[in-house]
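Data block below; observations after.
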Amino acid sequence: MSQQALDTLLALEAIKKLKYTYLRAVDTHDWELLEQTLTPDCSARYDGGKYSFDDRAQLISGLKGHMDSTKVLTMHNCHHPEIELCGETTAIGKWYLQDLVFNQEQNWMLFGTAIYSDHYRLSDGEWRICHTEYERIMETINAPIPASLSFTHNMFEQK
């Protein structure tokens, strides 16, 4: 295998790890970790622009405003990555998203799918997300959360 091919594979794996870390940070409300996955000038347009942010501070503040509660539980899974290196320091990617949200404060749950489109930048030897957005394929909302659904564990309410 040539060095160029090896470098390409290593970059693709680093970008995959970056996206997985981003998702884990969101689901665990680890806002410091999330910050590490984003460039300072990162922009985001979620759900066709319904939720839009123009820099990292706005993005993290916006997500915290919607999700930083012990009563908001989420699961974001991305798979089927289609990543293309555009140069030595830039890349783009598409991912298939499946998300599940339980908002116990407002008594609703959501299941959805979407396609993420990301832009990545290599800076100081680390890949970071510099733009992220998704367009919904489908979304279902169930409200109220069925009484028969019980939560037997919540990582945010551990003692």
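Each reported figure results from applying straightforward, stated rules to the coordinates on display, with no laboratory input. For clarity, every value in this text was computed on a predicted model and none was experimentally measured. So basically every Cβ, Gly included, is an ideal-geometry build from the backbone, and we count neighbours across all protein chains shown.
The figures follow:
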| read-out | value |
| --- | --- |
| The chain - mean residue ellipticity at 222 nm from DSSP helices (-39,500 (n - 2.57) per run, n ≥ 4, rounded to 500) | -9000 deg cm²/dmol |
| Taking Cys86, Cys42 and counting other C-beta atoms within 10 Å, the order from fewest to most | Cys86, Cys42 |
| Nearest-ten-degree value, helix 56-67 long axis tilted from longest Cα axis of the chain | 30 |
| Reachable lysines from Lys64, criterion Cα separation under 23 angstrom, eight or more residues apart if same chain | Lys17, Lys19, Lys50, Lys159 |
| Over the range 91-159, relative contact order from alpha-carbon pairs under 8 Å, at least 6 apart, % | 29 |
| Choice from Ala14, Ala143, Ala57 showing the highest fluctuation, given a GNM over the chain with Cα pairs closer than 10 Å | Ala143 |
| Exposure proxy ranking, count of Cβ atoms within 10 Å, fewest first, for Asp27, Asp47 | Asp47, Asp27 |
| Cα coordinate range in the chain, projected on the principal axes (Å, largest first) | 58, 32, 27 |
| Charge dipole (debye, nearest 20) of the range 3-146; +1 at Cβ of Lys and Arg, -1 at Cβ of Asp and Glu | 320 |
| Helix axis angle, 3-27 relative to the chain longest principal axis, alpha carbon, degrees | 20 |
| Most fluctuating residue given options Lys64, Lys94, Lys19, as computed from a GNM of the chain linking Cα atoms under 10 Å | Lys64 |
| Length-normalised contact order for the chain - Cα pairs under 8 Å, 6+ apart - percent | 21 |
